[in-house]
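Data first, discussion second: the structure below is written as structure tokens.
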Amino acid sequence: MSITAFGALRSHGAGTLRAEHVEQTVTIAGWVDTRRDHGGVAFLDLRDRSGIVQVVADPAASEALEAAHRVRPEWVVRVTGTVRARPEGMRNPSLDTGDIEVAATSIEVLAAADTPPFPVEDRIEVSEELRLAHRYVDLRRPRMAEILQLRSRATSVIRRVMDEHGFLDVETPILTKATPEGARDFLVPSRLQPGESYALPQSPQLFKQLLMVAGVERYYQIARCFRDENLRADRQPEFTQLDVELSFGDQEDVIGITEQVLAAVWRETLGVEVVTPFPRLTYAEAMARFGSDKPDLRIEGLELATLDEVFADTEVGVFKGVLAGGGSVVALALPAGGDMTRREFDGLVEWAKRRGAKGLAWGVVEPDGSLRSPLSKFMSAAEIDGVLASTGASAGDAVFFGAGETTFARELMGALRNHLAAERDLIGDGFAFCWVVDAPMFEPVVDRGEAVGTTAWTPVHHPFTAPTPEWIDTFEASPGEALSNAYDVVCNGYELGGGSIRIHDRDVQARVFRFLGISDEVAEERFGFLLRGLAHGAPPHGGIALGLDRLVMLLAAATNIRDVIAFPKTQSGACLLTDAPAAYDPVALRDVGLRLLPAAPKS
Ligand code: ASP
């Protein structure tokens, strides 16, 4: 037996009917999209996953007509009838099935439906809360249904390409031990071992490394990951990654398979040929030129210039102070920005202040090459020449200056680059991929709650990332400079994924733990299984993970991550459909040996 094309209850998909089916008797089934009842004749638009077709019921089939009078939007019906050409002038070119209609001989109600909470159409004006609470209705809307299909096509391409290259799909546990990726863990109390808990994996990182020790050589998984973070607009507490690891390879292999997967997905879902290899930038270059480790390369030009040398002996007070303190002056020229009004410049200064900057200096290049700026009277002619030469600004352009701690100033100006590009429509079309390589191993701890160890440093990637070969012996001595053998893939200013070559030497791994302030004892307790694995013959290995939700967002041009997940959570981590999370069941609590603190605050 083989499965019938549309299920045993139907002969065709509603959206598959065309002129070639005229005079055929068909049976279709689906939801009543709309109903126009003229008494003597009634029209139903019948919708299923394949599309919509018009059904006509008239007195020639009186029972069908009677049923058509009764049905309401979103009822589930099954219609048998004859396909016939629509009369000239009645065709609907905006519908794939618009040349034909189905003249019903019978209409059977399979399920009645409550009045839908909102119309099943793309343009609706309802709150997202209502949509999420009735997600089953929301997902019927054409746009949402299309995204679900797009996502499924993308994962099937991914699986095919991984399979073609010999990657094994291996599942790793969900109930496990903490895997640090810089977030808090979700914990699951254990009933069989009261007082103890599992952690949900922040990623399958440690298991995929152990699979390399196990000789799997090439692994992938479309894996669910869990990170308990304060949610930003583009984050979800549980999300999906394409997780990849390979042995006996290097950065080029990981980059190679990633580019193959992405090129195939873009080609087979959107018909877009992306050019490989993607351009590569070092982290230092990305920060210096674009003020971001995920630069949007659709924005042509608009590169930052670091003006520390130009202003080395400056009389501009703010710049002088910042440079003396070891900071930087970073500039950005905006072509033709001289057309901005004073109010617009003031608005940008306010924008910068809202981002924590003390201010934002600006100037406009005059036709004679001078700079009209509140600061220009403090700048020497040589400095102005230096500004123009470094930023490439010429007559009619605006120049902006950010000054402060170097990374802060660069990130501020990088954000300004994105902001101005969006405001002035300077963002090109299409998809601009790139790799950002050679990121630092460590960064200073800002949020102790999310730090991995107890020292002032925390890993930029994760503590299993290998230093680049020249830093293996010396990373402890210069933690701020040591580079990691890591790579991030970026598209249109989004970090699509990241990975690294791993430490496969147990001693180097132990040194990294120690450097991070993870004592041998704690390392043994938390990661002993990894260290023991590494001591049992670990091949050189590395890998990557790509955020699948983000990837689908790019494919679908969606701006909201919740739109690409069938059953997402809100920004406070709630599922409005099921009402999760829910209050503890006292019996379940007792079973796992826990008691609630009085009035546990609801955050
Ligand atoms: N485990 C990393 C992450 O989830 C990715 C990787 O290093 O492969 O971000």
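Here, each number is a calculation from the coordinates, and none is a lab measurement. Computed from a predicted structure; not experimentally measured. When we count neighbours, we look across all protein chains shown, and the Cβ atoms used for this are built from the backbone with ideal geometry, even at glycine.
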field: Beta bridges per DSSP with both ends in the range 449-534, % antiparallel, nearest 5
entry: 100
- line: A correct Karplus calculation of ³J(HN,Hα) over the range 155-162, with 6.51 cos²θ - 1.76 cosθ + 1.60, θ = phi - 60°, whole Hz and x for Gly and Pro, returns 5, 6, 5, 4, 4, 5, 5, 5
- prompt: For the charge dipole of the chain, defined by +1 on Lys and Arg C-beta atoms and -1 on Asp and Glu C-beta atoms about the Cα centroid, which residue among Ala566, Gly166, Leu211 has the Cα displaced farthest towards the positive pole?
  reply: Ala566
task: Mind checking which of Asn230, Val244, Val265 is farthest towards the positive end of the range 175-283's charge dipole, using Cβ charges of +1 (Lys, Arg) and -1 (Asp, Glu) about the Cα centre?
output: Asn230
message: Could you tell me which residue out of Trp351, Pro277, Ile299 lies farthest along the dipole of the range 267-363 toward its positive end? Charges go on the beta carbon: Lys and Arg +1, Asp and Glu -1, centred on the Cα centre.
response: Trp351
task: Quick one: work out Rg over Rh on the C-alpha atoms of the range 43-109, Rh as Kirkwood radius.
output: 0.95
query: Regarding the range 94-185, what is the average projected area of its C-alpha convex hull, in nm²?
result: 12.8
field: Alpha-carbon centroids, the range 138-179 and the range 409-478: separation in whole Å
entry: 27
task: Please work out the Cα convex hull volume for the range 315-415 and give it in Å³ per residue.
output: 91
Extension gain, Lys358 back to Ser62 (0.36 nm per residue minus Cα-Cα distance, nm): 98.8 nm
- prompt: Per residue, what volume in Å³ does the Cα convex hull of the range 246-330 take up?
  reply: 139
- prompt: Once Rh for the range 470-516 is found with the Kirkwood sum over Cα pairs, what is the Stokes-Einstein diffusion coefficient at 10 °C and 1.306 mPa s, in µm²/s?
  reply: 129
task: Across the chain, how many lysine pairs, 8 or more positions apart or on different chains, have C-alpha atoms separated by under 29 Å? Please give the number.
output: 14
statement: Given all pairs of distinct Cα atoms, the chain yields a Kirkwood Rh in Å of 28.5
message: Rounded to two decimal places and with Rh computed the Kirkwood way over Cα pairs, what is Rg over Rh for the range 385-437?
response: 1.02
query: Nearest 20 debye, what's the magnitude of the dipole of the chain about its Cα centre given +1 on Lys and Arg Cβ and -1 on Asp and Glu Cβ?
result: 1620
- line: Of the range 110-144, those with amide N under 19 Å from the point 7 Å along the Cα→Cβ vector of Thr578 are 129-139
message: Under a crude label model (7 Å from the Cα following the beta-carbon direction), how far is Val109 from Ala284 in nanometres?
response: 7.4
field: Spatial extent of the range 554-603: Rg and Dmax, with the Cα atoms as the point set, Å
entry: 16.3, 47
- line: Dividing the mean separation of Cα pairs under 8 Å (6+ apart) by the residue count of the chain yields a relative contact order in percent of 13
message: I'd like to compare 591-598, 1-8, 329-336: which one has the highest average count of other Cβ atoms within 10 Å, and what's the full order after that?
response: 329-336, 591-598, 1-8
- prompt: Once both axes come from the Cα atoms, what is the angle between helix 251-265 and the longest principal axis of the chain, in degrees from 0 to 90, rounded to 10?
  reply: 30
- line: Between Leu168 and Glu252, Cβ-based FRET efficiency (R0 22 Å, step 0.05) works out to 0.55
field: Volume of the Cα convex hull of the range 412-479, divided per residue and given in Å³
entry: 153
- prompt: Considering the alpha-carbon set of the range 164-260 alone, what are its Rg and its Dmax in angstrom?
  reply: 15.2, 47
- prompt: How far is helix 520-534 tilted, in degrees, relative to the longest principal axis of the Cα atoms in the chain, given as a value from 0 to 90 rounded to the nearest 10?
  reply: 70
message: For the range 191-349, place one equal point scatterer on every Cα, skip the solvent, and apply the Debye formula. What is log10 of I(q)/I(0) at q = 0.09, 0.10, 0.19 Å⁻¹?
response: -0.60, -0.72, -1.34
query: Rounded to two decimals, what ratio of Rg to Rh does the range 486-603 give with C-alpha atoms and a Kirkwood Rh?
result: 1.11
Whole-percent pair-distance distribution, where bins are 10 Å wide, for the alpha carbons of the range 1-133: 13, 43, 33, 11, 1
field: Computed over the range 426-562, Cα set: Rg, Dmax in Å
entry: 17.1, 54
task: Only Lys, Arg, Asp and Glu count, each charged at its Cβ (+1, +1, -1, -1), so figure out the dipole size of the range 233-290 about its Cα centre, rounded to 20 debye.
output: 280
